[in-house]
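Read through the structure below, which is laid out as structure tokens, and then see the notes.
The values are calculated or read from the model by the stated rules, or taken from the named source; none is laboratory data. As the structure is a prediction and not an experimental result, all values here were calculated from the model. Quick reminder, even Gly has a Cβ in these numbers, built from the backbone with ideal geometry, and neighbours come from all protein chains shown.
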Amino acid sequence: MMDLLEACRMVAQVDVVVAILASAIYGLVVGSLPGLSATMATALLVPVTFWLSPIAAIATIITASAMAIFSGDIPGCLLRIPGTPASAAYTDEAYAMTRKGQAEMALGAGLWFSAIGGVVGTLSLVLMAPLLAEMALSFSTYEYFWLAFLGLMCATLVARSSPIKAIASMLLGLLVSCIGMENPAGTPRFTFGLTDLLGGIEPIPALVGVFAVSEVMRAMVTAEPPPLPRRKFGSILANQWMLTKKYQWPMWRGNIIGIIIGVLPGAGADMAAWVSYAMSKKFSKEPELFGTGHPEGLVEAGASNNASLASGWVPSLLFGIPGDTITAIAIGVLYMKGLNPGPTLFTERASSMYALYLIFIIANIIMIPLGIIMIRIASTVLRAPRAAVMPVILLLCAVGAFATGSNLFSVLLVGVFGILGFVMERNGYPVAALVLGIVMGTMVEQNFVTSLIKSDGDILPFFERPVSGVLAALTFGALLWPLGVWIWNRTRGRRLAAG
Amino acid sequence: MHLSDRVTGAVLVALGGAAAIVGSRLPAVPGQDVGPAAFPLVIGSGLVICGALIAFGVGRSFEVPEEEDAGPGPWRLGGLRALIPPALLAFYVYASEPLGFLLTGAIMVLVAAFALGARPRLAVPLAIVAPLLVHLAFYKLLRVPLPAGVLPAPW
């Protein structure tokens, strides 16, 4: 109880309140601009968090990401261009509703069920994290190795591209993390004699390059999206209670799927939305209405992607293993602020954890009024010409990278990773897997090498402990899953051809 | 730039092979079998396998066919425009110290805005205002030591 009161006091600080409000507006605006994803919004915030108190820093990340995931629905609904990848799953459906003259209902559903998903996801975080923390206390390097590896494998499953290319991207990320002196012997590795590389490659320049600079590069070679027609909106929340009652069961299913996918290390909001939309269509009583502007899928997937956002913090806070690219950034911020992820965070820094929960709830509640305002001014915001937004983003990339270490080499790195991300994306290599590889590389290597040293080079102890055995089985399941799907498709194709 | 799977696969094989070979030559920790060489060796071998599979077209059936947004005609020369942002970042690295942040930032914004097809009426005011605002936020509020160069900020 004392902890809870302490947490309230922490959240009520002036700087935290200002941080929440400012990052909410920032998240809403950036998320609504097509091509600027929630991950990018968060990555560009990191240099700002350097100068904030720990709670305010985490509050900015939580609020901005939640708002950006919601407001990605706005251009999806009005222009058929998803603002963030997490909205892509149901963009066609929302746009179909707009064409039927139900834009208010589609946007309102995005907002209302995003908020519900966020709150339910937070409750799952509150309930699950302490339980899992007990368990995590007994984990050894073997379990951590498998968990990190499982996270990386999930990241490759999420990618809607060739699983082999996804694994290759992840390995490339791990290779990048090998650069520098932070290895078991402390010798310079792959530094090519450059002193700037001795410290290794920080995840932030890589993230900014891959997510933001590559987006500016893409803007250079693609046509500008059409401007939004001006329109007046009726009441946004009018029909939402009716929808909540009518689609109560899909809503809960969306929440639960989102929570489960969020907890899986490596799989995030994009995956949750895709899976939930597919589920909703499969189990709906009226599957033939999907794609024609039917709100059911919107309800389920809209709840799901925001629920996954909160539960994605479970593996991040407990094990330091990111649930998705946003929490990958958040982990960096946690370390920077002395809130090192791990099970002891819940016992020793309980008040900070309560503060984190509170921020989640507050962010999802203020999402409703701020979201309504955002929807109403969306046609003005979306009118901002790309030729004005992108140059400023580029300037922020340069300054942000410079600010993280006050060194110009990171600005160069941002450019290099921009090119890498651009080329990879154009050739079907998922960049999120690369980023997770870079973020988790050091941790995977440390646990891998320590485990090998402990076991004297023997592989068997990796599987002997019960939890590590289960995690190993899950990891290999994830690894072999694409193969199974491939064989299944093959045999089914033959049977169809034969029949 | 769109490359064939053969090319990207071959690049990955070469990169993985190089990483494994160079990595395996790293000095070991005395008295221990597992050292800094182990991880690059594993990763490099994995990359070689993946690269080979990609080059032979395994797993392509999973890919969502991507819609070509740029035609083949303007793509040849127009594709180079994509290199403008990284080039501007490189420009920032070398110019920000001597020229100062405000001037460098203004040039960056101006070039990027023109490359995106902005009219001077938009690009010029943007190039003046945006660096000033960014400087104000990062230098004054966040205390990032941005270089002053030849044109120091008024604050």
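Restricting the first member to segment B:32-49 and to residues that are assigned by TED's automatic domain parsing to the domain that holds B:GLY17 and in a loop (DSSP other than H, G, I, E, B), and the second to residues that are of a type in the set (Val, Ile, Thr) and at pLDDT below 95, the beta-carbon pairs closer than 6 Å and six or more apart or on different chains are B:VAL34/A:VAL449; B:VAL34/A:ILE453; B:GLY35/B:VAL29; B:PRO36/A:THR187.
It is to be established whether one or more residues within segment A:432-440 are part of a helix (DSSP H, G or I), at the interface with chain B (Cβ under 10 Å from one of its Cβ atoms), modelled with pLDDT under 90 and surrounded by fewer than 24 Cβ atoms within 10 Å (Cβ to Cβ). Within segment A:432-440 (the criterion being part of a helix (DSSP H, G or I), at the interface with chain B (Cβ under 10 Å from one of its Cβ atoms), modelled with pLDDT under 90 and surrounded by fewer than 24 Cβ atoms within 10 Å (Cβ to Cβ)), the answer is no, since none of the residues qualifies. Screening the candidates A:ALA148, A:ALA155 for the property of being within 25 Å of A:ILE62 (Cβ to Cβ) and either of a type in the set (Phe, Trp, Tyr) or within 14 Å of another protein chain (Cβ to nearest Cβ) (or both) yields one hit, A:ALA148. Suppose the filter is of a type outside the set (Ser, Thr, Tyr) and touching a Gly at 6+ places or on another chain (Cβ under 7 Å); does A:ALA12 pass it? Spelling it out, it is not the case that A:ALA12 is of a type outside the set (Ser, Thr, Tyr) and touching a Gly at 6+ places or on another chain (Cβ under 7 Å).
Look at A:ILE236 and say whether it is of a type in the set (Val, Ile, Thr) and at pLDDT 85 or above. No. Only residues that are of a type outside the set (A, V, I, L, M) and more than 29 Å from the chain's Cα centre (by Cα) were counted in segment A:435-460, giving 7.
Considering segment A:220-242, and only residues there that are away from chain B (no Cβ under 14 Å) and assigned to a helix (DSSP H, G or I), the residue that is nearest to A:PHE113 (Cα to Cα) turns out to be A:GLN240. Within this structure, A:PHE192 fails the test of being more than 14 Å from chain B (Cβ to nearest Cβ), outside any helix (DSSP H, G or I) and of a type in the set (Phe, Trp, Tyr).
Screening the candidates A:LYS245, A:LYS285 for the property of being more than 26 Å from the chain's Cα centre (by Cα) and not in a helix (DSSP H, G or I) yields one hit, A:LYS285.
Table: residues versus (1) at pLDDT 85 or above; (2) part of a loop (DSSP other than H, G, I, E, B).
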residue	(1), (2)
A:GLY110	yes, no
A:GLU143	yes, no
A:CYS154	no, no
A:SER161	no, yes
A:SER177	yes, no
A:GLU182	no, yes
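When A:MET170, A:MET135, A:MET153, A:MET181 are checked against the criterion of being surrounded by fewer than 19 Cβ atoms within 10 Å (Cβ to Cβ) and closer than 26 Å to A:ALA307 by Cβ, A:MET135 stands alone in meeting it. When B:VAL7, B:VAL11 are screened for being within 22 Å of the chain's Cα centre (by Cα), in contact (Cβ under 8 Å) with a residue 40 or more places away in the chain and more than 7 Å from chain A (Cβ to nearest Cβ), only B:VAL11 passes. Does A:GLY332 satisfy the condition of being within 14 Å of chain B (Cβ to nearest Cβ), closer than 29 Å to A:MET170 by Cβ and assigned to a helix (DSSP H, G or I)? No, not satisfied. Based on this model, can you work out whether A:ARG349 counts as within 14 Å of chain B (Cβ to nearest Cβ), on the phi < 0 side of the Ramachandran plot and of a type outside the set (Asp, Glu)? Spelling it out, it is not the case that A:ARG349 is within 14 Å of chain B (Cβ to nearest Cβ), on the phi < 0 side of the Ramachandran plot and of a type outside the set (Asp, Glu).
When each of A:SER308, A:SER316 is tested for being part of a helix (DSSP H, G or I), within 11 Å of the chain's Cα centre (by Cα) and under 30 Å from A:SER138 (Cα atoms), the lone residue that passes is A:SER308. Step by step: first the residues of segment A:108-122, then only those that are among the small types (Gly, Ala, Ser) and over 17 Å from the mean Cα position of the chain (by Cα), then the one that is nearest to A:ALA64 (Cα to Cα). Which residue is that? Once the filter is applied, the top-ranked residue is A:GLY110. Every condition in (1) surrounded by fewer than 18 Cβ atoms within 10 Å (Cβ to Cβ); (2) over 26 Å from the mean Cα position of the chain (by Cα); (3) on the phi < 0 side of the Ramachandran plot; (4) not hydroxyl-bearing (Ser, Thr, Tyr) is met by A:GLN240 except one, and the failing one is (1).
So that you can scan it fast, the table gives a plain yes or no per residue for (1) surrounded by fewer than 24 Cβ atoms within 10 Å (Cβ to Cβ); (2) touching a residue at least 12 places away in the same chain (Cβ under 8 Å):
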position: A:SER32; (1), (2): no, yes
position: A:GLY35; (1), (2): yes, yes
position: A:TRP51; (1), (2): yes, no
position: A:MET67; (1), (2): no, yes
position: A:ASP73; (1), (2): no, yes
position: A:CYS77; (1), (2): no, yes
position: A:ALA96; (1), (2): yes, yes
position: A:ALA115; (1), (2): yes, yes
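Looking only at residues that are facing chain A (nearest Cβ under 9 Å) and assigned to a loop (DSSP other than H, G, I, E, B) in segment B:15-29, which one is surrounded by the fewest Cβ atoms within 10 Å (Cβ to Cβ)? Going through the qualifying residues, I end up with B:PRO27.
Restricting attention to segment A:367-392, the residues being away from every other protein chain (no Cβ under 14 Å) and either surrounded by fewer than 16 Cβ atoms within 10 Å (Cβ to Cβ) or at pLDDT 85 or above (or both) number 12.
Identify the residue in segment A:195-219 that is small (Gly, Ala, Ser) and either buried (at least 18 other Cβ atoms within 10 Å of the Cβ) or not in a loop (DSSP other than H, G, I, E, B) (or both) and, among all such residues, is nearest to the other protein chains (Cβ to nearest Cβ). Of everything passing the filter in segment A:195-219, A:ALA219 is nearest to the other protein chains (Cβ to nearest Cβ).
Residues that are within 26 Å of A:ARG218 (Cα to Cα) and either in contact with a Cys (Cβ under 8 Å, 6 or more places away or on another chain) or part of a loop (DSSP other than H, G, I, E, B) (or both) within segment B:113-155 comprise B:LEU116, B:GLY117, B:ALA118, B:ARG119, listed in sequence order. Considering segment B:76-100 alone, what residues qualify as being touching a residue at least 12 places away in the same chain (Cβ under 8 Å) and more than 8 Å from every other protein chain (Cβ to nearest Cβ)? Of everything in segment B:76-100, those that are touching a residue at least 12 places away in the same chain (Cβ under 8 Å) and more than 8 Å from every other protein chain (Cβ to nearest Cβ) turn out to be B:PHE91, B:ALA95, B:PRO98, B:LEU99, B:GLY100. For the residues A:PHE448, A:PHE422, A:PHE402, the requirement of being over 27 Å from B:VAL93 (Cα atoms), out of contact with any Pro (no Cβ under 6 Å at 6 or more places or on another chain) and either at pLDDT below 85 or assigned to a helix (DSSP H, G or I) (or both) singles out A:PHE448. Looking at this structure, is A:GLY293 within 22 Å of A:PRO82 (Cβ to Cβ) and in contact with a Lys or Arg (Cβ under 7 Å, 6 or more places away or on another chain)? So A:GLY293 passes the test.
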